[in-house]
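The values are calculated or read from the model by the stated rules, or taken from the named source; none is laboratory data. All of these numbers come straight from a predicted model, not from anything done at the bench. Here the Cβ positions follow ideal geometry from the backbone for every residue, glycine too, while neighbour counts run over all protein chains shown. Accessible surface areas use protein heavy atoms only, side chains included; no ligands, DNA or RNA. Shrake-Rupley method; radii C 1.70, N 1.55, O 1.52, S 1.80 Å.
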Amino acid sequence: MMADLPARLLAAVYDRAIAGAERRFLGRWRRELLTGVTGTVLEIGSGTGLNLPHYPATVERLVLSEPDPYMRIRLEKKLDRQPAPPELLTCGAEQLDFPDGSFDAVISTLVLCSVKDPAVALREIHRVLRPGGRLHFLEHVLSEHPGISFWQHTLEPLWKRTCGNCHLTRATGELIGEAGFEVETMEDLRMEGVPIIVRRALRGVAVKPAAGA
Ligand SMILES: C[S@@+](CC[C@H](N)C(=O)[O-])C[C@H]1O[C@@H](n2cnc3c(N)ncnc32)[C@H](O)[C@@H]1O
């Protein structure tokens with residue numbers, strides 16, 4: 001019970017903690033990231049469901065996955081209010097319960113910082129995408145500024161214990177390339193008004209190359 005306390009607290013405060021950033025820029029960034037997403041779509045680490053209002057009508061089937069039970073309770077409440085709720089699974093991104101090539105798109109927003117092993121998760125995302133399928137990502141990452149990266153490395157052990165295993169020092173852009181994706185677009189953004197150790201974010205689209213390409 002006590003061991004669960006940080007996860008319970010994080011889920012309880014998440015929407016309120018992020019509300020200012022959602023109003024200022026994150027809501028728009030999410031909407032823009034999801035514009036043009038079509039077909040059968042998997043979202044990993046859906047959290048409390050902040051992407052839900054931004055999915056376009058071109059999505060034919062939406063599958064959400066959220067391994068944290070406390071996040072999931074809040075997500076389920078939002079899904080209950082939807083006329084046609086998407087499917088909801090409990091699997092983590094490192095082991096997705098789907099055959100190869102099941103999805104046209106995978107969505108990951110602020111998740112690859114928190115998974116146990118981002119390289120394994122990215123290989124698994126690559127596996128479940130069809131050839132030509134796309135990963136749409138928005139992730140905070142290691143700063144290029146030595147002064148900031150010093151503090152990211154210094155504070156990470158405490159931060160990840162209190163913030164749901166969120167790592168401050170992941171080089172997610174490089175990891176996406178190493179997992180076999182071709183990066184189609186990648187913007188280097190600043191989340192203004194949030195703590196400087198989580199301010200740098202990458203947003204973009206990476207493609208699983210078509211077979212034989
Ligand atoms: C900072 S929250 C982001 C939630 C949501 N994607 C958003 O954009 O607001 C990180 C999420 O990643 C989830 N997560 C942690 N480990 C995971 C894993 N191994 N696989 C998938 N999701 C994971 C957490 O449960 C949490 O919901």
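Points worth noting:
- Counting the residues of region 24-41 that are aliphatic (A, V, I, L, M) and under 11 Å from the mean Cα position of the chain (by Cα) gives 0.
- Evaluation of Thr162 against (1) at pLDDT below 95; (2) under 18 Å from the mean Cα position of the chain (by Cα) (one fails), failing number: (2)
- Within region 187-213, tally of residues that are touching a His at 6+ places or on another chain (Cβ under 9 Å) and within 20 Å of Thr38 (Cα to Cα): 5
- Residue check for Asp104: under 20 Å from Val63 (Cα atoms) and either more than 15 Å from the ligand (Cβ to nearest atom) or open to solvent by less than 50 Å² (accessible area, probe 1.4 Å) (or both): yes
- Residue count for region 1-50 under the criterion of being open to solvent by 60 Å² or more (accessible area, probe 1.4 Å), touching a Phe, Trp or Tyr at 6+ places or on another chain (Cβ under 6 Å) and either more than 26 Å from Glu94 (Cβ to Cβ) or near the ligand (Cβ under 8 Å from one of its atoms) (or both): the result is 0.
- Inter-residue pairs, beta-carbon under 6 Å, first under 18 Å from Arg134 (Cα atoms) and open to solvent by 80 Å² or more (accessible area, probe 1.4 Å) and in region 85-100, second more than 10 Å from the ligand (Cβ to nearest atom) and at pLDDT 95 or above, 6+ apart: Asp100/Arg127
Let's see how each residue does on (1) at pLDDT 95 or above; (2) of a type in the set (D, E, K, R); (3) within 12 Å of the ligand (Cβ to nearest atom); (4) touching a strand residue (DSSP E or B) at 6+ places or on another chain (Cβ under 6 Å):
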| site | (1), (2), (3), (4) |
| --- | --- |
| Leu52 | yes, no, yes, no |
| Arg61 | yes, yes, no, yes |
| Ser65 | yes, no, yes, yes |
| Ile73 | yes, no, yes, no |
| Val115 | yes, no, yes, no |
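- Consider region 53-81 and keep the residues that are loosely packed, with under 12 Cβ neighbours inside 10 Å and among the charged types (D, E, K, R). The one that is farthest from Pro6 (Cα to Cα) is Glu60.
- Counting only residues that are closer than 12 Å to Val198 by Cα, assigned to a helix (DSSP H, G or I) and open to solvent by less than 30 Å² (accessible area, probe 1.4 Å), region 143-179 holds 3 of them.
- Checking the stated criteria, Asp188 turns out to be away from the ligand (no atom under 16 Å from the Cβ), over 21 Å from Lys208 (Cβ atoms) and charged (D, E, K, R).
- Within region 56-131, strands (runs of 3 or more DSSP E) holding 3 or more residues that are closer than 23 Å to Leu10 by Cβ: 103-109
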